[in-house]
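Bear in mind these aren't lab numbers, they're just calculated from the coordinates by the rules spelled out. The structure displayed is predicted, hence computed values, not measured ones. Here the Cβ is made from the backbone with ideal geometry for all residues, glycine too, and neighbour counts use every protein chain on show.
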Amino acid sequence: MKAIYTITSSLHDENAVSAISDAFLNEVFPDGNFLFRGSDFSDFGSSELSLIYIRTGGAEGIFRSLLPEMLARGTERYYLLTSGKSNSLAASLEILSYLRQQGLKGEVLHGPADYLRKRIAILEKASEARLKLKDARLGVIGQPSDWLISSHADPMAVMDKLGMRLVEIPMEELLQEIGLAEGEPAPGEVEMAPSVRAAYPGAVKIYKALRVLVERYQLKAFTLRCFDLLSEVGNTGCLALASFNSEGIPTACEGDVPALLSMICAEAVTGCPGFQANPARIDVESGEMLFAHCTIPFSMVTNWQYDTHFESGIGVGIHGHFPEGPVTVFKLSGDLKRHFAAEGELLCNQYEDNLCRTQVLLRLSPADARYFLSDPIGNHHIILPGHCKALLEEFLS
């Protein structure tokens, strides 16, 4: 819930200012869905989003006197709402300039009511996502796969910038739990190749073993060095990861920690962890790109078939149909200093035997497609339904 605090110069007539303020707030928030705190800043920062409505000019000195109290509450960014009347905008610009001089961040929220509603909705969602992730524990089960030479993360940066803790869990612990788990037969009504049906009970054992670790370590998300399972138990983690992602527990393949960070941030912001995939082909002139991977959340597809894992030809992989339409491609770097977010369109799904099982053809702008060949953040990227670049970038700001 958003809370609105007000600052008003005593030089202005309160009755006149109140009439303007009431009309302005009713226009911007016709549903009345906010907490009105007025000039009482005693609980400032306790709501998911705190807005400071600068009602009049001459409010600059009052704001400056309140700033030490707001800083003491850990406020990092200040949102100044203006009505465009009674010199509200002029005062807000002076306050924002002062904040910048102090090395602080802020934004003046000013414009037509429709724009303000959209902008405040983005701010509110981003703020809710930050609170959702606070103190989250992220499991790293095994180390990143040997070929992911750039896909590590800085635990201190993850804690300092996102408030989340990386928890290292040895692969041996998972293998022990797999040995204790019980499998389940493949559902009879689902069509599967004989080898996939035979692998299904073992894939369920991997899911159940991972569930034990999620509960033992109180994990909000995890990444798994899944290729070790090929040699150790003769199966794959694709079915398990697809299931956890569908249940709202973001999970990344191959021990890829930056991909995991991208997925848990995406899930907090949009409600969807996304599809972790790597580019297979790129046409930089048209912006068309083919992405593929052997797992995708069941909740993201309209239908799916069980197949083998591509590289090994064993286990249970997922060949899903991702609905065509707007998408966003997203990735965070492991040190959280960089990110990539681009909006595009999913043109079609396809299937080739020589690629990972879920395959989607996207179109991005040529400039965005060129990023992959000039300055990529690893090979795995996260594909999200819908256009959500503005929301992701506000969250990361």
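See the values below:
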read-out	value
Spin-label model distance (nm) - Ser195 vs Arg137, 7 Å beyond Cα toward Cβ	3.9
Of Tyr79, Met171, Gln143, farthest towards positive along the dipole that unit charges on Lys, Arg, Asp, Glu beta carbons give the chain	Tyr79
Alpha-carbon centroids, segment 236-264 and segment 335-397: separation in whole Å	17
Cα centroid of segment 210-229 to Cα centroid of segment 8-70, whole Å	46
Inter-label distance, nm, simple model (7 Å from Cα along the C-beta direction), Ala90/Asp114	3.0
Relative contact order (%) - criterion: Cα under 8 Å, at least six apart; region: the chain	13
Max mean-square fluctuation residue, GNM over the chain, Cα-Cα springs under 10 Å, options Leu346, Leu81, Leu362	Leu81
Cα→Cβ-extended label distance, 7 Å offset, between Asn15 and Glu172, nm	8.1
Net charge of Cβ neighbours under 15 Å - reference Ser333; Lys, Arg +1; Asp, Glu -1	-2
Linear extension gain, Ser299 paired with Ser46, 0.36 nm per residue minus alpha-carbon span	87.7 nm
Rounded to the nearest 20 debye, dipole of the chain from Cβ charges on Lys, Arg, Asp, Glu	840
Share of pairwise Cα separations in segment 167-244, more than 21 Å, in percent	24
FRET efficiency for Asp146 and Val212, using Cβ-Cβ distance with R0 set to 25 Å, rounded to 0.05	0.45
Proportion of all alpha-carbon pairs of segment 2-133 beyond 24 Å (%)	23
Coarse-grained scattering of the chain at q = 0.09, 0.12 Å⁻¹, given as base-10 log I(q)/I(0) from a Debye sum over alpha-carbon atoms	-0.62, -0.94
Protection proxy ranking of 102-113, 299-310, 186-197 - average other beta-carbon atoms within 10 Å, highest first	299-310, 102-113, 186-197
Taking all pairs of distinct alpha-carbon atoms in segment 66-207, Kirkwood radius in angstrom	20.8
Anchor Lys85: lysines whose Cα lies under 29 Å away (excluding residues fewer than 8 positions away in-chain)	Lys2, Lys105, Lys118, Lys125
Anisotropy class of segment 80-137 from Cα gyration tensor, a/c 1.5 cut	oblate
Of Ala221, Leu25, Asn349, farthest towards positive along the dipole that unit charges on Lys, Arg, Asp, Glu beta carbons give the chain	Leu25
Cβ-based charge dipole, the chain, positive-most Cα from Ala193, Met70, Leu373	Met70
Extended-chain gain in nm, criterion 0.36 nm per residue less alpha-carbon gap, Leu373 and Gln350	6.0 nm
Degrees, to the nearest 10: 257-270 long Cα axis against longest axis of the chain	50
